[in-house]
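**Student:** Below is a structure I'd like to ask you about.
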Amino acid sequence: MGRRITYDNELKEGIFNLKQHDNQIDYILTHCCGNKLQDEFWPGYPRNALTQYIDDILNHVQYQKHFFGHYHQDKFINEKEIVCYQKIQRIL
């Protein structure tokens, strides 16, 4: 029988994999953003363990761009943070 996959295990595995690459990656693709951006651009959306996890990741890794789409709009937040909904983003 294989190991049991749990939410907590998935989060730990993400951190482990990032460390294996010296916390340097090209792109981050997530459903939602972290608390910091969410509070600024979408006040009222609830914080949760996943949005906190994303903040923790973003504070510890070097990355080129972070794409997310939970908020159902296309929006260029800054050079690194891009909300995707219907517009196709070229990343290469």
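**Student:** Does Asp22 meet the test of being of a type outside the set (Val, Ile, Thr), modelled with pLDDT of 95 or more, part of a helix (DSSP H, G or I) and open to solvent by 60 Å² or more (accessible area, probe 1.4 Å)?
**Tutor:** Numbers: of a type outside the set (Val, Ile, Thr): yes; modelled with pLDDT of 95 or more: yes; part of a helix (DSSP H, G or I): no; open to solvent by 60 Å² or more (accessible area, probe 1.4 Å): yes.
Considered against the rule, which asks whether it is of a type outside the set (Val, Ile, Thr), modelled with pLDDT of 95 or more, part of a helix (DSSP H, G or I) and open to solvent by 60 Å² or more (accessible area, probe 1.4 Å), Asp22 comes out as no.
**Student:** Of all residues in segment 82-92, how many are touching a residue at least 24 places away in the same chain (Cβ under 8 Å) and open to solvent by 30 Å² or more (accessible area, probe 1.4 Å)?
**Tutor:** First, pick out the residues of segment 82-92 that are touching a residue at least 24 places away in the same chain (Cβ under 8 Å): 83, 91.
Filter once more, so that each one left must be open to solvent by 30 Å² or more (accessible area, probe 1.4 Å): 91.
Matching residues across segment 82-92 total 1.
**Student:** Restricting attention to segment 25-35, does a residue exist that is out of contact with any Pro (no Cβ under 8 Å at 6 or more places or on another chain) and at positive phi? Before you say what the answer is, go through the steps one by one.
**Tutor:** As a first pass, look at segment 25-35 and keep what is out of contact with any Pro (no Cβ under 8 Å at 6 or more places or on another chain): 25-35.
Retained after the next criterion (residues that are at positive phi): none.
Checking segment 25-35: not a single residue is out of contact with any Pro (no Cβ under 8 Å at 6 or more places or on another chain) and at positive phi.
**Student:** Sticking with this structure for a sec: What's the total number of residues in segment 25-39 that are outside any strand (DSSP E or B) and either in contact with a strand residue (DSSP E or B) (Cβ under 6 Å, 6 or more places away or on another chain) or within 29 Å of Leu92 (Cβ to Cβ) (or both)? Give the derivation first.
**Tutor:** Step one: of segment 25-39, the residues outside any strand (DSSP E or B) are 25-26, 31-39.
Filter once more, so that each one left must be either in contact with a strand residue (DSSP E or B) (Cβ under 6 Å, 6 or more places away or on another chain) or within 29 Å of Leu92 (Cβ to Cβ) (or both): 25-26, 31-34, 36-38.
So the answer is 9.
**Student:** Next question. Which of the residues belonging to segment 1-12 are open to solvent by less than 70 Å² (accessible area, probe 1.4 Å) and either among the acidic types (Asp, Glu) or assigned to a loop (DSSP other than H, G, I, E, B) (or both)? Outline the logic, then answer.
**Tutor:** Going residue by residue through segment 1-12, those that are open to solvent by less than 70 Å² (accessible area, probe 1.4 Å) are 2, 6, 9, 11.
Answer for segment 1-12, where residues must be open to solvent by less than 70 Å² (accessible area, probe 1.4 Å) and either among the acidic types (Asp, Glu) or assigned to a loop (DSSP other than H, G, I, E, B) (or both): Gly2, Thr6.
**Student:** Still on this model: Could you please let me know if Lys36 is modelled with pLDDT of 95 or more, touching a helix residue (DSSP H, G or I) at 6+ places or on another chain (Cβ under 8 Å) and open to solvent by 100 Å² or more (accessible area, probe 1.4 Å)?
**Tutor:** For Lys36, the condition - modelled with pLDDT of 95 or more, touching a helix residue (DSSP H, G or I) at 6+ places or on another chain (Cβ under 8 Å) and open to solvent by 100 Å² or more (accessible area, probe 1.4 Å) - is met.
**Student:** Going through segment 70-81 one residue at a time, which ones are of a type outside the set (S, T, N, Q) and either open to solvent by 100 Å² or more (accessible area, probe 1.4 Å) or farther than 22 Å from Asn17 by Cβ (or both)? Working first, answer last.
**Tutor:** Within segment 70-81, the subset of a type outside the set (S, T, N, Q) is 70-72, 74-77, 79-81.
Once the filter is applied, which keeps residues that are of a type outside the set (S, T, N, Q) and either open to solvent by 100 Å² or more (accessible area, probe 1.4 Å) or farther than 22 Å from Asn17 by Cβ (or both), segment 70-81 yields His70, Tyr71, His72, Asp74, Lys75, Phe76, Ile77, Glu79.
**Student:** Hey, another quick one. Across segment 46-63, which residue is surrounded by the fewest Cβ atoms within 10 Å (Cβ to Cβ) among those that are free of Cβ contacts under 8 Å to residues at least 12 places away in the same chain and assigned to a loop (DSSP other than H, G, I, E, B)?
**Tutor:** That would be Pro46.
The values are calculated or read from the model by the stated rules, or taken from the named source; none is laboratory data. No experiment lies behind these values; they were computed from the predicted model shown. Note: ideal-geometry Cβ built from the backbone for every residue, glycine included; neighbour counts use all protein chains shown. Protein only, heavy atoms only, side chains kept; ligands, DNA and RNA dropped before computing areas. Shrake-Rupley method; radii C 1.70, N 1.55, O 1.52, S 1.80 Å.
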